[in-house]
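Some notes on the structure that comes next.
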Amino acid sequence: MKLVVGLGNPGRKYQGTRHNVGFEVLADLARRGNAGKPKANFQGEVIEATIDGQRLILLAPQTFMNRSGTSTVLARDFYKLTNENVLVVCDDFALPTGRLRLRGQGSSGGQKGLDDVIRTLGSDAVPRLRIGIGPVPAGWEPADFVLGRFAKEERETIDATVPRAADAVVSWASRGLAAAMNEFNTTSN
């Protein structure tokens, strides 16, 4: 069993924003797993899905981005998982739009939700899948940028990226982090 935590902000106001690509990946995975409706638990929305023989717990924290760690640790502890069996899926404005980057540990890179997860779990050794939404245009504040919506051409790129990101999650769950990194951390992404 693996826990996949997609980061985003709850509510209609934030749907389709750059900051919510983690939620979009969870939705794609739920469709693939023919999962039912999410249940409220762990200060989030939870769906259990089986994809390619892998049991995945899909968690969308409803605590707002900057407090995602609380929801994550509640689910991790309930399912008695180690940090290695938790994958955080989030946006990254330092990566070009559509680029994927899987890592097993490291800093948050300024991503506030990932930062809270790392702090709350007490370790930076938690796998993460970053989805590029950048770069931040000159003169923009990063906070305003991530809460904005994609331009049409960016949206097309993200619509193609979300299924690739879901493929990366399934690869991580079934083949392990190193194999998934080798496949999805290429410059052609």
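Which value at 222 nm does the chain reach when only helices count, each DSSP H run of 4 or more adding -39,500 (n - 2.57), with the total divided by all residues and rounded to the nearest 500 deg cm²/dmol?
Mean residue ellipticity, 222 nm, calculated: -11500 deg cm²/dmol.
Can you tally the lysine pairs in the chain where the Cα-Cα distance is under 22 Å and the two residues are eight or more apart, or on different chains?
Pairs that pass both the separation and distance tests number 8.
Which one of TRP140, ALA35, THR120 is farthest out on the positive end of the charge dipole of the chain, using unit charges on Cβ (Lys, Arg +1; Asp, Glu -1) and the Cα centre as origin?
Of the candidates, ALA35 comes out farthest on the positive side.
Give, rounded to the nearest 20 debye, the magnitude of the charge dipole that the chain has about its Cα centre when Lys and Arg contribute +1 at Cβ and Asp and Glu contribute -1 at Cβ.
340 debye
Which one, GLY104, GLY139, GLY33, has the greatest fluctuation when you compute a Gaussian network model over the chain with C-alpha springs under 10 angstrom?
Highest fluctuation among the options: GLY139.
Rounded if a/c is under 1.5, else prolate if a/b is larger than b/c, else oblate: which is region 78-189, with a ≥ b ≥ c the root eigenvalues of its Cα gyration tensor?
The shape class here is oblate.
For the chain, rounded, prolate or oblate, judged on the Cα gyration tensor with a ≥ b ≥ c (square roots of eigenvalues), a/c < 1.5 rounded, else prolate if a/b > b/c?
Rounded, since a/c falls under 1.5.
Since every read-out is calculated from the coordinates, none of them should be taken as a lab result. It should be emphasised that the depicted structure is a prediction, and the values quoted were computed from it without experimental measurement. Virtual Cβ from ideal backbone geometry, glycine too; neighbours counted across all protein chains shown.
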